[in-house]
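Asker: Encoded as structure tokens, here's the structure I'll be asking about.
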Amino acid sequence: MKIEIWSDFVCPFCYIGKRRLEEALEHFPGKQVDIVYKSFELDPNAERNTGRNMHEKLAAKYGRSMEEAREMTQNMTEQAKMVGLDFRFDSVVPTNTFDAHRVSQLANEKGVGKAFAERFFKGVLTDGKDIGDHETITTLAVEVGLDRDVVASVLEGADYSEAVRREEAEAQQIGVQGVPFFVINRKYAVSGAQPTEVFVQGLEKAFAEEEQTPAFEDLSSENGAACTEDGCEVSGEENK
């Protein structure tokens with residue numbers, strides 16, 4: 001079975017959705033699943049080195065106080081705790097993720113794409129790493145097994161730019177409007193950080209019907225929170 005996941009490393013719900021999928025996969029011990037992370041930029045025009053954390057960005061964007069900005073992220077923080085994640089929005093660095101996505105393409109080629117995604121999600125949302133910074137990208141990439149000189153060479157040039165754009169164009173073609181977006185065996189689509197049971201249902205269907213002709217069926221419920229280029233919507237309020 002193959003599961004493709006469009007996501008962005010600065011997307012809180014992408015990390016939560018990742019964990020919920022992993023919880024669902026625990027219901028199918030012994031099953032072979034190939035997970036591929038694909039590139040999606042929530043804000044292709046995001047600046048690097050702004051010097052602001054996520055709460056400061058939210059406060060400025062929505063004209064709120066810092067306390068109000070913290071309240072906006074509280075729901076996401078609580079959801080993260082439920083799947084064993086520790087979100088620290090005071091230290092999250094809003095930044096441009098294009099170069100990180102370029103290196104993620106290299107990671108996929110080298111067979112460490114899943115480890116790369118995990119390290120970069122944690123790096124941003126827990127460790128407060130600035131993944132718009134080339135040295136930070138390099139350090140994190142080396143941690144998951146990539147060669148420092150090769151990563152540096154990629155970052156110095158334009159390698160994998162076309163691959164990132166191609167995956168983003170593919171997302172647009174299949175109707176991805178927000179991330180995370182999961183495609184199971186090119187047959188079932190799950191949009192957003194759906195409850196674990198939704199993933200379980202999708203996996204059950206896919207394992208039972210792997211030999212059938214692929215055709216999308218949207219398994220999403222209204223409970224799947226997601227991030228779009230306009231922000232992260234939680235209980236009717238947009239956060240970013």
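Computed from the coordinates by the stated procedures, all read-outs in this text should not be read as laboratory data. These figures come from a predicted structure and were not determined experimentally. When we count neighbours, we look across all protein chains shown, and the Cβ atoms used for this are built from the backbone with ideal geometry, even at glycine.
Asker: Have a look at the range 46-172 and give its Rg and Dmax from the Cα atoms, expressed in angstrom.
Answerer: 15.8, 45
Asker: Would you be so kind as to identify all helices of the chain, as entire DSSP H runs, whose Cα atoms reach 15 Å or more along the helix's own axis and whose mean Kyte-Doolittle hydropathy is at least -1.0?
Answerer: Span-like helices, by this rule, are 12-25, 98-109, 113-125, 196-208.
Asker: Hey, which of these cross-link pairs are over 31 Å Cα-Cα: 38/81; 57/122; 31/122; 31/57; 81/114?
Answerer: 31/57
Asker: Within the range 148-190, what residues put their amide N at less than 18 Å from the label point 7 Å along the Cα-to-Cβ vector of residue 210?
Answerer: 183-189
Asker: Can you list the aspartates and glutamates whose alpha carbon sits under 17 Å from that of residue 61, skipping same-chain ones fewer than 8 residues off?
Answerer: Those aspartates and glutamates meeting the cut-off are 43, 47, 71, 90, 229, 230, 233, 237, 238.
Asker: Along the three principal axes, how long is the chain when you take its alpha carbons, biggest first, rounded to the nearest angstrom?
Answerer: Dimensions of the chain along the principal axes of its Cα atoms: 51, 44, 31 Å.
Asker: Based on C-alpha coordinates, I'd like the Rg and Dmax of the range 79-149, in Å.
Answerer: That works out to 12.2, 39 Å for Rg and Dmax.
Asker: Choose one answer from 101, 55, 27: the residue with the largest mean-square fluctuation in a GNM of the chain with alpha-carbon springs under 10 Å.
Answerer: The residue that fluctuates most here is 27.
Asker: Post the alpha-carbon centroid distance, the range 60-86 to the range 110-184, in whole angstrom.
Answerer: Here the two parts' Cα centres lie 24 Å apart.
Asker: If packing is taken as the average number of other Cβ atoms within 10 Å across a peptide's residues, how do 128-135, 181-188, 59-66 rank, most packed first? Provide the component values of the computation, followed by the final result.
Answerer: Details: 128-135: 17.8, 181-188: 21.8, 59-66: 13.1.
In descending order of packing, they fall as 181-188, 128-135, 59-66.
Asker: If you place +1 on the Cβ of every Lys and Arg, -1 on the Cβ of every Asp and Glu, and leave all else neutral, what size is the dipole of the chain about its Cα centre, to the nearest 20 Debye?
Answerer: The dipole magnitude comes to about 260 debye.
Asker: Based on the alpha carbons, how large is the Rg to Rh ratio for the range 101-197 when Rh follows Kirkwood?
Answerer: Rounded to two decimals, Rg/Rh equals 1.00.
Asker: Ratio to report: Rg/Rh of the range 1-64, with Cα atoms as the point set and Rh obtained by the Kirkwood method; give two decimals.
Answerer: Rounded to two decimals, Rg over Rh is 1.14.
Asker: Shifting gears a bit: How would you order 166-172, 195-201 from highest to lowest mean count of nearby Cβ atoms within 10 Å?
Answerer: 195-201, 166-172
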